[in-house]
Amino acid sequence: MKLYNKTNLESLQLPPDFERISTRELKEIIGYGKGYNGYRFCNEETIGLVTCSEGKKNEIPYSAQELIKELHEAMEENEGLIEVKEGISEKGNHYIYLIRKEREGDAESFFASIAYTMQMCIAKNNRHLYVDSKFFEDGLSGGRDTAVFGVFRSENPDEELDELMERWMQDPYDPDYRKGFLMNRSEVRELDEMFPWHPLSVVRKLAEFVIANN
């Protein structure tokens, strides 16, 4: 059985504002293209790339709890876990996805940037379909963090900064886990409506669309 089946991969539905790119252009960007569908995304605040591919197996490899445990054990200092979710899509297909953030560049540098990535696997048509994406802020970055932290600081004016920062940054599944580039309070899902074009909001919308339409 071939690893790549164009019909299965073409059946994967993505949002209409994600622009399909050619195999040649995808190869120029990431170094490979055959067997993958590539899409670009761009709005006023965010740029991103999505690749879709297919695997042989039709069994989702992890439960959410197993995946969280594995991610915690392997987390790098420049990475932070945002969200892990598994379930059944609107069309009855089993899925699991994870969202992480990655700090690129020196943490102390003005030019350090943050990327939000999603890896999703969905069992569709008895195959394993993968959606991998990476999104950056385009232009001036850090507006969401700055706005929410300002409110958080004003609500706790007498608290020591070290204590405040410990509450500002927490792993979403284990409050005692302190390794890596932890999720912060500005990155909770409830704030996405306030920052609809932020990369994290975009990647969550992508996950929701895939689940609702596949």
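The values are calculated or read from the model by the stated rules, or taken from the named source; none is laboratory data. The shown structure was predicted, so the numbers you read here are calculated from the model rather than taken from an experiment. Here Cβ is always computed from backbone atoms with ideal geometry, including for glycine, and neighbour counts include all displayed protein chains.
Taking each residue of segment 151-172 that is in a loop (DSSP other than H, G, I, E, B) and looking for partners that are not hydrophobic (A, V, I, L, M, F, W, C) with beta-carbon atoms closer than 7 Å, six or more apart or interchain, yields ASP171/TYR177; PRO172/GLU83.
Can you name every residue in segment 16-36 that is within 17 Å of THR117 (Cα to Cα) and either in contact with a helix residue (DSSP H, G or I) (Cβ under 9 Å, 6 or more places away or on another chain) or without any contact (Cβ under 8 Å) to a residue 12 or more places away in the chain (or both)?
Listed by number, the list holds a single entry, PHE18.
Return yes when GLU190 is among the charged types (D, E, K, R), farther than 19 Å from LEU67 by Cβ and modelled with pLDDT of 95 or more and no when it is not. So GLU190 passes the test. Against the test of being within 14 Å of PHE181 (Cα to Cα) and either modelled with pLDDT of 95 or more or crowded, with 20+ Cβ neighbours inside 10 Å (or both), the options LYS85, LYS101, LYS124 yield a single qualifying residue, LYS101. Do we have any residue at all in segment 54-64 that's in contact with a helix residue (DSSP H, G or I) (Cβ under 9 Å, 6 or more places away or on another chain), at pLDDT below 95, in a strand (DSSP E or B) and more than 28 Å from ASP192 (Cα to Cα)? Yes, segment 54-64 contains at least one residue that is in contact with a helix residue (DSSP H, G or I) (Cβ under 9 Å, 6 or more places away or on another chain), at pLDDT below 95, in a strand (DSSP E or B) and more than 28 Å from ASP192 (Cα to Cα). Failed condition for PHE181, given (1) free of Cβ contacts under 8 Å to residues at least 40 places away in the same chain; (2) within 22 Å of ASN78 (Cα to Cα), with all others met? The failed condition is (1). When segment 150-189 is limited to residues that are among the polar types (S, T, N, Q) and more than 23 Å from the chain's Cα centre (by Cα), the one that is surrounded by the most Cβ atoms within 10 Å (Cβ to Cβ) turns out to be ASN156. The criterion of being out of contact with any helix residue (DSSP H, G or I) (no Cβ under 9 Å at 6 or more places or on another chain), farther than 18 Å from THR51 by Cβ, outside any loop (DSSP other than H, G, I, E, B) and small (Gly, Ala, Ser) does not hold for ALA147. Within the set LYS124, LYS91, LYS101, the sole residue that is among the basic types (Lys, Arg), out of contact with any Leu (no Cβ under 6 Å at 6 or more places or on another chain) and under 22 Å from GLU73 (Cβ atoms) turns out to be LYS101. Of everything in segment 88-98 that's touching a helix residue (DSSP H, G or I) at 6+ places or on another chain (Cβ under 8 Å) and assigned to a strand (DSSP E or B), which residue is farthest from LEU182 (Cα to Cα)? Among those residues, the one meeting the criterion is TYR95.
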